[in-house]
1. Working only within the stretch 164-194, note down all residues that are under 19 Å from TYR111 (Cα atoms), of a type outside the set (Ser, Thr, Tyr) and outside any strand (DSSP E or B).
2. Quick check on the stretch 160-173. Is at least one of its residues over 17 Å from the mean Cα position of the chain (by Cα), of a type outside the set (Val, Ile, Thr) and within 28 Å of GLU60 (Cβ to Cβ)?
3. Can you confirm whether the stretch 149-159 contains a residue that is touching a residue at least 60 places away in the same chain (Cβ under 8 Å) and either on the phi > 0 side of the Ramachandran plot or of a type in the set (A, V, I, L, M, F, W, C) (or both)?
4. Filter the stretch 38-60 for residues that are at pLDDT 95 or above, assigned to a helix (DSSP H, G or I) and either within 19 Å of GLY139 (Cα to Cα) or of a type in the set (Phe, Trp, Tyr) (or both) and give the result.
5. Would you mention how many residues in the stretch 71-86 are surrounded by fewer than 24 Cβ atoms within 10 Å (Cβ to Cβ) and in contact with a helix residue (DSSP H, G or I) (Cβ under 9 Å, 6 or more places away or on another chain)?
6. Go through (1) surrounded by fewer than 22 Cβ atoms within 10 Å (Cβ to Cβ); (2) at pLDDT 95 or above; (3) of a type in the set (Ser, Thr, Tyr); (4) not in a strand (DSSP E or B) and name the single condition SER89 misses.
7. How many residues does the stretch 137-174 contain that are over 17 Å from LYS125 (Cα atoms) and in contact with a Ser or Thr (Cβ under 8 Å, 6 or more places away or on another chain)?
8. Between a first residue in the stretch 117-139 that is without any contact (Cβ under 8 Å) to a residue 60 or more places away in the chain and a second residue that is in a helix (DSSP H, G or I), which pairs have beta carbons less than 7 Å apart while being 6 or more apart in sequence or on different chains?
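The values are calculated or read from the model by the stated rules, or taken from the named source; none is laboratory data. Being a predicted model, the structure only gives us computed values, none of them experimental. Here the Cβ positions follow ideal geometry from the backbone for every residue, glycine too, while neighbour counts run over all protein chains shown.
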Amino acid sequence: MSIENEWWSKLRGGELAINAFGLPHYDVEAVADFLEPWIKPEIVLDLGCGPGRLGHVLAERHPFSTFVGYDVSPQMVSQASVGGPLNWSARLTNGADLGWTEGNGIISSAYSVTVFQHLPAFVVKGYLQQLSDILKLGGTFVFTYAIGTEDTFLSHQVTHHDMTQWVIDAGMHPVRLITPDDHPAWHWMKATKI
């Protein structure tokens, strides 16, 4: 079994259910405030939407945009689909493939919070490439990642240099944004489609 298939097989076991309930907790309104400047109207993608807490808030703030959340957990997609604004929908990813079929170059912006640190490098690189493909020119993807050397089943830290290179390799321009005091493991980056 390949490393990729082994990782997805383990994730599809009990780990996915255990780790898919909106943890760690964070101030959703504060994170929405932080992301607000990079949310461009039209079509916005939430990668790793979980139960939809952040996506619902941002969709309510931008009622004339379309928000699409993606998650690998059927339980999370089910929860995220309930009670959200009319301009919000959630979809199940197929492993490392978003399964986006609407065409490339039409997403205006995307974001992902506390997701990449749980994914191995091959999945992160795959998502970065797919996001670059579906973003409009000048579109932005704002995301968090964890700096360090830990590399275990659901904790994958990286160097800033590696993450920067992966973004460049995907055809986007990286800008390191901030490391919040209250979440020092989260490093924020903005990747712009060039």
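1. At the first step, the residues of the stretch 164-194 found to be under 19 Å from TYR111 (Cα atoms) are 164-180, 183-194.
Next cut, of a type outside the set (Ser, Thr, Tyr) only: 165-178, 180, 183-191, 193-194.
Residues satisfying the conditions are GLN165, TRP166, VAL167, ILE168, ASP169, ALA170, GLY171, PRO180, HIS183, PRO184, ALA185, ILE194.
2. no
3. Going through the stretch 149-159, the residues touching a residue at least 60 places away in the same chain (Cβ under 8 Å) turn out to be 153-154.
Now drop any that are not either on the phi > 0 side of the Ramachandran plot or of a type in the set (A, V, I, L, M, F, W, C) (or both), which leaves 153-154.
Yes; the residues of the stretch 149-159 include at least one that is touching a residue at least 60 places away in the same chain (Cβ under 8 Å) and either on the phi > 0 side of the Ramachandran plot or of a type in the set (A, V, I, L, M, F, W, C) (or both).
4. Selection gives GLY55, LEU58, ALA59.
5. Narrowing the stretch 71-86 to residues surrounded by fewer than 24 Cβ atoms within 10 Å (Cβ to Cβ): 72-75, 77-79, 81-86.
Remaining after also requiring in contact with a helix residue (DSSP H, G or I) (Cβ under 9 Å, 6 or more places away or on another chain): 72-75, 83-86.
The total comes to 8.
6. (4) is the only condition that SER89 fails.
7. 2
8. VAL124/PHE116; VAL124/TRP166; LYS125/TRP166
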